[in-house]
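Chemist: For reference, the structure I am asking about is given below.
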Amino acid sequence: MQISYNWLRELVDFGWDTQTLASKLTLIGTAVESVQPVSTNLENVVVGKILTVEPHPHAPGLKICKVELGRDVQMNVVCGAPNVKVGMKSPLALSGAVLKDGLRIQSVDKQGVVSEGMLCSQAELGISEDHSGIMELEATAKSGSDLKTALSLDDVSLNFDLTPNRADSLSAIGIARDIAALCGSPVKRPTAEIKEIADKAAAVVDVSIEDPIGCPRYAARVIKGVKIGRSPWWMQQRLLASGIRAINSIVDITNYVMLEYGHPLHAFDFANFAQPRVLVRRATDGEVFRTLDGIDRKLNSDVLLITDGVKPVAIAGIMGGEFSEVTNKTTDILLESAYFDPSVIRRGRKYLGLQSESQTRFERGADPNIVPIALDRVASLIEHLAGGRVLAGIVDVYPQKIHPVKLELRPSRVNQILATEMSAPVMIDILHALEFKVIPGKNLTVEVPTFRPDVTREIDVIEEIARIYGYEKIPTRLFSGGKLLVSRNPREVFAAKARESLIGQGYYEVVTNSIVDPKQVRRLDPQQECVEILNPISEDLKWLRPSLISGLLNAVYENISHQVRTIKLFEIGTVMAPSGKQLPNETQRIALALSGSDMGENWAFHPTEFTFHDLKGAIEGIERLTDRRVIYSPVSNAAFDPACCFEVTMGVETIGICGAIQPAILRAFNIKAEVLVAELNFEVILASASPTKSYQQLPRFPISERDIAIVVDEGVFCAELLETIRNAADQTLVETVVLDLYKGKQVDSGKKSLAFRLVFQDESRTLTDADIERVLNKMVESLKSKHGATLRA
Amino acid sequence: MSDDRIAQIVTEAKAEIAQCNSADQIESLRVKYLGRKSAVVAVLRGLKDLDGEQRKVAGQQANEAKEQIELLLADHLQSIGGAKSNQSAGLDYTLPGRRYPEGKLHPITRTLNEIIDIFYGMGFEVALGPEVETEYYNFGALNFPPDHPARDMQDTFYVGKDVLLRTHTSPVQIREFEKRKPPVRIIAPGRSYRQEAISARSYCVFYQLEGFYVDHNVTFADLKGVLVAFAQTYFGDDVKLRFRPSFFPFTEPSAEVDIYCFLCGGKGCRLCKHEGWLEILGCGMIDPNVFKSVNYDPEVYSGYAFGMGIERIAMLKYRIDDIRLFFDNDIRFLRQF
Ligand SMILES: [Zn+2]
C-alpha cells in the first residue's frame, strides 16, 4: 500500500521528516518499504498562460501559441493538442525538462516555426495516463511558477509492506493512528456534512440479504442528479501519491474514502438496475457475470453476488459489473457500504483468481461498524464535488450487530512475557492511543475495536503493547535455565565423518535439487515409482527424487561444460519413495560421481583417467568408518555398463550399487565423457558405525616382510588368491598388500602377474627365517594347486 | 688393550680428521676408526671374553672413545660446509609444491555447521524431521487457521490430500514437543520448499534452521539474548541488531531481526538495498495456540522460536548475489569456500 506523506501530516501533527517517519513506523511493525517523491519529471516545468492561438502556416494540425510565463516573459510554442485555447493555463516544459518518456525539451524547428518549449498532457508529465490533451490547470495558478508547487506535487509516497494480520493499517487513518500512538497527538478525522433532501432513500430502494453469513451488513444511500466530471486536483494528487489512477469524480471519491478509512465502497449507476432493489446472494454454479474489466466470469457458489433481484450487478467486495458501472452519462447513483465475511471473500478470490484493492481489505478484515461513517463521507464528498441530491437516510440492513471483543489483560502477564517492568498506566496509554477501550481494575478489561479483527486474545494485546512500547526497550538476557551440555546428534556426527573422509580424498560436496525431472528419472529406471507434486512449477520439476544419481549427473554435466577436468563429487541427501501410507518413506543416501582424470593439475603427477578402483577407494574410506566389511558382486542394471556394475553389500544387507553409467544414458544428460557412480544407503552405514575403539597395544617384536610374484590366468580374481594365502598362513601373517598387477610382454598372453607383500609378525618372539619359509612354502603350494599359479622369478 | 692405547687412537683420529677437506675423506675416516674392522669396535667385540670389573671399565672407555670420535667427525664435517642431501641436484624451488588436491564442503553445509556449532555451545540439541509433511504439522498445529490469509504467505507444493513439502522446518517443533516435556531447547536444520519460480533471489528448495526453547518463564528478553549472542559470534562482536514487530502465525509477539549493514556501515548500499539494514531472521514468542495443540499449558510454560534461511546467511557472509549458484554445483564456485 502507498500513502501520501502530506496526507498523513494533515491527519496528525508530527514533526518528523519522511525518513524519520519511515524508520519509526518500521520499528512498530508498520513497515515502510520505500520512500519516493511523487513526481520525478517536473524539473523545468512551469505554469504557462496561453495568450494567443494562431494556425500554423504549413501544418494544418498544429497551432502556434504565444505563452506567458511570468510578467513580460513570453515564448512561442507549437502545439497540436485539440483542447488548446486562449486564456487557458497549462504546464509548459522548458528547455532542459525531461518528460516521462525520456524526451529532453529544447528549442526545435517545427516545419518552419521555432517552438521554444512544449505544452504537456498529464501523461507526458507522468502524473496520470491522461493523454487526451494538454493538462488544464486551475485559473488561480500563477504563470511562471514552478509546476510542482502549483500542483502540490511536492509530496512523497510512502510504500508500506504490511503483514496480512494488520487490516487496520490499510488506510491513511490507520497509519495516522499508529503515528498518533508514537507522538501523542490525536488523529484529526474528516467530517461529513450532508444536506439531505426530503425524499427518502428507503422509498426508492429495498435491500435484502439472503446470506447474512457472507454479508453481515449492507448499507446504501441514493444520490440523484450528479454531474460526472473530473475530481478536483487536490483529490487527484492524493490518489496519485497513493498509487491510484484518477478516473472520474465518483470513482475517485469512493477510492479516496477507501484509502482514507480503509473501507471499500462501491457506486452503481442506479439507472441500470432492473428493479429498485439490492439482493445479496450466493452465485449459482455456472452462473456467468461480466465484470467491469469486460471479462465474462464463470461463478460458483463460493462467490457472493450483489444483484438487483433479477441480475447480478457486482461480485461482492471483489469487483463491480460492467453493466452497472458509473460512466460519464450516469446521473443517479446507488452507493454501497457493506461488510463482507473475510473467508467468503477469500474463497471467492481463490476461485476467481481475482485480486483488487477492495478484496484485499475485505479479506484481511474490514470494520463492520464503520459502514455508515464511510458511507456518509462519500455522500458528502459527492454532494460537494459532483453535485447531486442526497436522498434522506441510509438503508442499513444489519441483522446481527457485531460487538467489540472484550478480554482480560493481566499487567503482570505482560511483564512476565516481555521481561519488562511496565506499569498498568503505561499499558493503558498505549491501548488508548490505539483506540482500545480499557476498564481499569486489578486486571484490565480491554474492549478491542472492531477494526482489529486480529486481536482476540490476551497475548494479542500484549503484542500491541510491545510493538508500541518498542522492542528495543525490552531487555536482552542470556540464559535463564535448562541444561547447557547436550549430546550431538549421532546422524550429524557420522555424516560429518563421512564428509571428512571424502573431502580428504579430493571430493567436492554438492547439494542438488530434491525436485527432479521425471524424464531423467525414467531414463535411469523406467520402472521407478515416485512421489509426484500435484502443483509443480514446471513439468520438468515434478517428482521427488528417488535417488541422488540424476542430480549428480546434472552436476557432472555442469562441470564438464565449464571444462573442469577433475570431477569428484558427492552428496549426502534424502530420497523419497511412495510408502502406501500418508507420508512417503524418506531415507538418506550417500552418492559419489567421478569423471575425467585425477592428478592432472600438478607437474609432479601424471594425470590418470578415473577407473572403477578410484570409486572403490572412496567407498573403502567410508567402509573404514564402520565395523563391517563391504562386498561387491556383479549385478545387472540398465543404467550401468553391464561389464562394470556391482551390487554393494555390507554385512548381509545390500546397501547400493556402483559402476560405470551406461553411455547411452549419459547422452540423455548431454554427457560425452565416462562417469563412474556409486549410491549407498546411508541409514545402513550409519547403523554400522564403529563404536569408539579402544587402543591396541603396539607389537613388541619386529616385522618380517617377503615379496612374492605369481603368474595366474587372467580370469582369476585377486580376492580368491588372497583367500588362499590367508587360509594357508598361520596367525603370524598380519598383513597382505597387493603390490603390483602386470599384464604384457613379460608374461604369456591370457596370463597376469600379481605381486604381494606378506608381512609376518609374532606377538611373543622374533620370527626366524625358517619360521617364515615354512609358512611361505605352504602358501605357494596352495596357490599352485588351487589356481595353477607359478612363481615369477 | 690399555687405556693409553685407546687415548692414542683418539689423538690419532683427531689429527687425521683435522686434515680432511671433503665429506668423502671424513666418511673414509669414519670407516677407519668406527667401522666394523676398527680398533674401537674390536675392543667392544672382545668385551664378552673379559670378566666382571674389567669388562665394565673397558666397555666404558671404548664407548667414550667412540662417542668422542663421532663428535669430532660431525664437528669437522660441519666446519668444512657439511654434506649434500639428495635434494640438491638442479633444484628449482620455484616449481609449485606437490600437493594432493583436497575437496571442499558445500558452502551450505559449511554455513550450517558454523551455525549449529554456535547453538550447540548454547545448549541446543539438533533434531530432524521429514521433508514431506502433513498439513497438520506444517500449518494446523502451528496456528495457521484454514481459510486464513496467513496461508498465502507460504507458497506450498502439495503431493497429496493434506500432504505437502514442508514450507519451513517449524513442523519439527510440533514433532519434538509431542515427544518431550519442557525444558526443550532444540535447533532443527533442514531442507524446506516453496512453490515459486526459480530466479536469482529464490529457489524452490532452501535450507532453514529453526530454533526453539520452552521452559518456565522464558521471555522475550531471552529470545533477544540468544539471537544477539548468535549474531555476535557469527558476524563479529560489533554487529548491531534491530528487532522490529512482524507477523508469523505461530509466534506472538513476532519480530523480524535485521543486522546493521556491515558493507556500508548503515549508510545504504546495494547489498542492503539502501536501507542500511539486512534482514536475517524471523522470531517470536511461541503462540499459546501452538502449545495447546501439543498439550503444553501456556500458563505454565512459555517459549521462543526463531527461523533463518541458511542461503540468505551464506549469501550475506560471502556476498553471493545469485541463489542458484548453490544448486549449480560448479566446482569453480565450490572451491572458493
Ligand atoms: Zn549497506
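Chemist: Output yes when any residue across the stretch B:266-280 is at pLDDT 95 or above and either closer than 23 Å to B:Glu125 by Cα or within 8 Å of another protein chain (Cβ to nearest Cβ) (or both), and no when none is.
Modeler: No, every residue in the stretch B:266-280 fails to be at pLDDT 95 or above and either closer than 23 Å to B:Glu125 by Cα or within 8 Å of another protein chain (Cβ to nearest Cβ) (or both).
Chemist: Scan the stretch A:342-364 for residues that are assigned to a loop (DSSP other than H, G, I, E, B) and either closer than 30 Å to A:Gly387 by Cβ or open to solvent by less than 40 Å² (accessible area, probe 1.4 Å) (or both) and jot them down.
Modeler: Within the stretch A:342-364, A:Leu354, A:Ser356 meet the criteria.
Chemist: Please specify each residue of the stretch B:228-240 satisfying the condition of being closer than 28 Å to B:Asn289 by Cβ and within 9 Å of chain A (Cβ to nearest Cβ).
Modeler: B:Val228
Chemist: Can I ask one more? Can you tell which of B:Leu227, B:Leu334, B:Leu325 is modelled with pLDDT of 95 or more, out of contact with any helix residue (DSSP H, G or I) (no Cβ under 7 Å at 6 or more places or on another chain) and either within 16 Å of the ligand (Cβ to nearest atom) or closer than 30 Å to A:Gly506 by Cα (or both)?
Modeler: Unique residue meeting the criteria: B:Leu334.
Chemist: From B:Ala83, B:Ala62, B:Ala58, grab the single residue that is at pLDDT below 80, in contact with a helix residue (DSSP H, G or I) (Cβ under 9 Å, 6 or more places away or on another chain), more than 30 Å from A:Ile567 (Cα to Cα) and of a type in the set (Gly, Ala, Ser).
Modeler: Matching residue, one of B:Ala83, B:Ala62, B:Ala58: B:Ala83.
Chemist: Go through the stretch A:62-73 and give me each residue that's modelled with pLDDT of 90 or more, open to solvent by 20 Å² or more (accessible area, probe 1.4 Å) and within 12 Å of A:Lys49 (Cβ to Cβ).
Modeler: Scanning the stretch A:62-73 gives A:Lys66, A:Glu68.
Chemist: What number goes with the only condition from (1) out of contact with any Pro (no Cβ under 9 Å at 6 or more places or on another chain); (2) under 22 Å from A:Arg491 (Cα atoms); (3) facing chain A (nearest Cβ under 7 Å) that B:Val126 does not pass?
Modeler: Of (1) out of contact with any Pro (no Cβ under 9 Å at 6 or more places or on another chain); (2) under 22 Å from A:Arg491 (Cα atoms); (3) facing chain A (nearest Cβ under 7 Å), only one is false for B:Val126: (1).
Chemist: Scanning for something touching a residue at least 12 places away in the same chain (Cβ under 8 Å) and farther than 30 Å from A:Ile572 by Cβ, does the stretch A:682-693 turn up at least one residue?
Modeler: Within the stretch A:682-693 (the criterion being touching a residue at least 12 places away in the same chain (Cβ under 8 Å) and farther than 30 Å from A:Ile572 by Cβ), the answer is no, since none of the residues qualifies.
One line per residue, one yes/no per condition, for (1) touching a strand residue (DSSP E or B) at 6+ places or on another chain (Cβ under 8 Å); (2) of a type outside the set (Gly, Ala, Ser):
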| site | (1), (2) |
| --- | --- |
| B:Gly35 | no, no |
| B:Ala39 | no, no |
| B:Lys66 | no, yes |
| B:Ser85 | no, no |
| B:Arg98 | no, yes |
| B:Thr109 | yes, yes |
| B:Ile115 | yes, yes |
| B:Ala127 | yes, no |
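Chemist: Moving to a separate point now. State which residue pairs qualify: first residue not assigned by TED's automatic domain parsing to the domain that holds A:Ala678 and inside the stretch A:592-604, second residue surrounded by fewer than 22 Cβ atoms within 10 Å (Cβ to Cβ) in any location, beta carbons under 8 Å apart, and separation of 6 or more residues or different chains.
Modeler: The qualifying pairs do not exist here.
Chemist: Same structure again: Collect the residues in the stretch B:271-281 that are open to solvent by 30 Å² or more (accessible area, probe 1.4 Å) and within 11 Å of the ligand (Cβ to nearest atom), keeping them in residue-number order.
Modeler: B:Leu271, B:Lys273, B:His274, B:Glu275, B:Trp277
Chemist: Mind checking which strands (runs of 3 or more DSSP E) fall wholly inside the stretch B:119-181 and carry at least 2 residues that are surrounded by 18 or more Cβ atoms within 10 Å (Cβ to Cβ)?
Modeler: B:132-134, B:163-165
Chemist: Here's another thing I want to ask about it. What's the total number of residues in the stretch A:506-518 that are closer than 27 Å to A:Thr566 by Cβ and at the interface with another protein chain (Cβ under 7 Å from one of its Cβ atoms)?
Modeler: Qualifying residue count for the region: 9.
Chemist: I'd like the residue in the stretch B:256-270 that is touching a strand residue (DSSP E or B) at 6+ places or on another chain (Cβ under 7 Å) and within 12 Å of the ligand (Cβ to nearest atom) and, out of all such residues, is nearest to B:Pro245 (Cα to Cα).
Modeler: Ranking the candidates gives B:Asp258 first.
Chemist: Moving on to the next point. Looking at the stretch A:612-621, can you tell me whether even one residue there is within 14 Å of chain B (Cβ to nearest Cβ), at pLDDT 95 or above and under 30 Å from B:Tyr136 (Cβ atoms)?
Modeler: no
Chemist: Looking at (1) charged (D, E, K, R); (2) within 14 Å of chain A (Cβ to nearest Cβ); (3) within 27 Å of B:Phe337 (Cα to Cα); (4) within 16 Å of the ligand (Cβ to nearest atom), which is the one condition that is false for B:Glu311?
Modeler: Against the list (1) charged (D, E, K, R); (2) within 14 Å of chain A (Cβ to nearest Cβ); (3) within 27 Å of B:Phe337 (Cα to Cα); (4) within 16 Å of the ligand (Cβ to nearest atom), B:Glu311 comes up short only on (4).
Chemist: Sort out which residues of the stretch A:394-407 are outside any loop (DSSP other than H, G, I, E, B), surrounded by 14 or more Cβ atoms within 10 Å (Cβ to Cβ) and within 39 Å of the chain's Cα centre (by Cα), and write them in order of number.
Modeler: Within the stretch A:394-407, A:Val405, A:Leu407 meet the criteria.
Chemist: Just wondering, is there one or more residues in the stretch A:546-564 that are more than 7 Å from chain B (Cβ to nearest Cβ), out of contact with any Pro (no Cβ under 6 Å at 6 or more places or on another chain) and of a type in the set (D, E, K, R)?
Modeler: No, every residue in the stretch A:546-564 fails to be more than 7 Å from chain B (Cβ to nearest Cβ), out of contact with any Pro (no Cβ under 6 Å at 6 or more places or on another chain) and of a type in the set (D, E, K, R).
Chemist: Any idea which residue in the stretch A:29-61 is farthest from the other protein chains (Cβ to nearest Cβ), counting only those that are under 30 Å from B:Gly268 (Cβ atoms) and outside any loop (DSSP other than H, G, I, E, B)?
Modeler: Looking at residues that are under 30 Å from B:Gly268 (Cβ atoms) and outside any loop (DSSP other than H, G, I, E, B), I get A:Val45.
Chemist: Only one of (1) closer than 30 Å to B:Gly97 by Cα; (2) facing chain B (nearest Cβ under 9 Å); (3) open to solvent by 20 Å² or more (accessible area, probe 1.4 Å) is not met by A:Glu586, so which one is it?
Modeler: For A:Glu586, the exception is condition (1).
Chemist: Give the residues of the stretch B:17-27 that are open to solvent by 70 Å² or more (accessible area, probe 1.4 Å) and in a helix (DSSP H, G or I), sorted by residue number.
Modeler: Residues satisfying the conditions are B:Gln19, B:Asp24, B:Gln25, B:Glu27.
Chemist: Need at least 2 residues that are within 14 Å of chain B (Cβ to nearest Cβ) per element, so show me which strands (runs of 3 or more DSSP E) inside the stretch A:100-181 make the cut, counting only ones lying wholly within it.
Modeler: Passing ranges, in order: A:156-160.
Chemist: Now a separate question. Within the stretch A:494-502, identify whether any single residue is more than 30 Å from A:Arg452 (Cα to Cα) and within 7 Å of chain B (Cβ to nearest Cβ), and answer yes or no.
Modeler: Yes: one or more hits.
Chemist: Of all residues in the stretch B:245-264, which are within 28 Å of the chain's Cα centre (by Cα) and under 28 Å from B:Asp222 (Cα atoms)?
Modeler: B:Val257, B:Asp258, B:Ile259, B:Tyr260, B:Cys261, B:Phe262
Chemist: Output yes when any residue across the stretch A:751-768 is among the aromatic types (Phe, Trp, Tyr), outside the structural domain of A:Pro634 (by TED's automatic domain parsing) and either over 20 Å from A:Lys786 (Cβ atoms) or part of a strand (DSSP E or B) (or both), and no when none is.
Modeler: yes
Chemist: Filter the stretch B:242-255 down to the residues that are more than 9 Å from chain A (Cβ to nearest Cβ) and either within 15 Å of the ligand (Cβ to nearest atom) or not hydroxyl-bearing (Ser, Thr, Tyr) (or both) and list them by number.
Modeler: Scanning the stretch B:242-255 gives a single hit, B:Phe250.
Chemist: Here are some residues: A:Asn535, A:Asn585. Which one is without any contact (Cβ under 8 Å) to a residue 12 or more places away in the chain, under 30 Å from B:Thr156 (Cβ atoms) and touching a Phe, Trp or Tyr at 6+ places or on another chain (Cβ under 8 Å)?
Modeler: Residue meeting the stated conditions: A:Asn535.
The values are calculated or read from the model by the stated rules, or taken from the named source; none is laboratory data. Keep in mind it's a predicted model, so treat the numbers as computed, not measured. Using ideal geometry, Cβ is built from the backbone for each residue, glycine included, and neighbour counts are taken over all protein chains shown. Accessible surface areas use protein heavy atoms only, side chains included; no ligands, DNA or RNA. Shrake-Rupley method; radii C 1.70, N 1.55, O 1.52, S 1.80 Å.
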